[in-house]
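Accompanying notes for the structure given below.
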């Protein structure tokens, strides 16, 4: 099912921004209302750090084949060699172990995510080893479906804004933020379509 705010978001984005209108018209799909549990979303976001969407999808497929039921308990006892064979670096395995530890200790399980604003959530999440602002923002977009997240550190967003708004010339975060002012309060939706414009595989975390 499509998110309840999606139609309003694309209508308003299309009306304000001719570039966004063209991109939205090119893709009929959307971010689904269905979502993984909090642990799986964060695990998948860590797996996807600093690699392409295609590479992340490939590694994640191998991980879920090796560990059909993703859980803190299963990740803690899975052999490091098996995780390395899936394509995970030693550093990411360390991050996943620390994330699992946080959930097993109950440090994140009891968090009522929906009651916290974006910045408070980000501050809580980056206490976990290996979770920086980008990973926390993926959690906000894909697990909590927050509609107005702008992940300025995301390489895909940077590439897409450069391509569609800056004649494929590099653009800094200040420039992206200025362009994105016109997308509020739907910057997550605009970001999703910009990602979609670059890759045949929809981004999922």
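Values quoted throughout were computed directly from the atomic coordinates according to the rules given, and no laboratory measurement underlies them. Source: prediction; values computed, not measured. Note that each Cβ is placed from the backbone with ideal geometry, even for glycine, and that neighbours are counted across all protein chains shown.
Out of 103, 142, 39, any idea which swings most in a Gaussian network model of the chain, alpha carbons joined below 10 Å? It is 103.
The ranking of 192, 60 from fewest to most other beta carbons within 10 Å of each one's beta carbon is 60, 192. Mean-square fluctuation check for the chain, GNM, Cα pairs under 10 Å: which of 114, 145, 102 is largest? Among 114, 145, 102, the largest mean-square fluctuation in the Gaussian network model of the chain belongs to 114.
Let me have the relative contact order for segment 38-142, percent, based on Cα pairs under 8 Å that are six or more residues apart. The value is 32 percent.
Largest mean-square fluctuation among 100, 26, 162, in a Gaussian network model of the chain whose springs join Cα atoms under 10 Å apart, belongs to 26. When the helices of the chain are scored as -39500 (n - 2.57) per DSSP H run of n ≥ 4 and the total is divided over every residue, the value at 222 nm lands at -17000 deg cm²/dmol. Over the chain, what relative contact order in percent results from Cα pairs under 8 Å that are six or more residues apart? After rounding, I find 24 percent. Spacing of the modelled spin labels on residue 82 and residue 66, each 7 Å from Cα toward Cβ, amounts to 0.8 nm. For segment 46-205, the gyration tensor built on C-alpha atoms gives an oblate shape. Its axis ratio a/c (a ≥ b ≥ c) is at least 1.5, and a/b is not larger than b/c. Once the Cα atoms are used to define both axes, helix 187-196 deviates from the longest principal axis of the chain by about 80 degrees. What is the angle, in °, between the Cα long axis of helix 133-142 and the longest principal axis of the Cα atoms in the chain? Nearest 10 is fine, range 0 to 90. Computed tilt is about 80 degrees. May I ask for the angle, rounded to the nearest 10°, between helix 38-47 and the longest principal axis of the chain, with both axes built from Cα atoms and the value confined to 0 to 90°? Computed tilt is about 80 degrees.
Taking the number of other C-beta atoms within 10 Å as the exposure measure, put 44, 124 in order starting with the fewest.
124, 44
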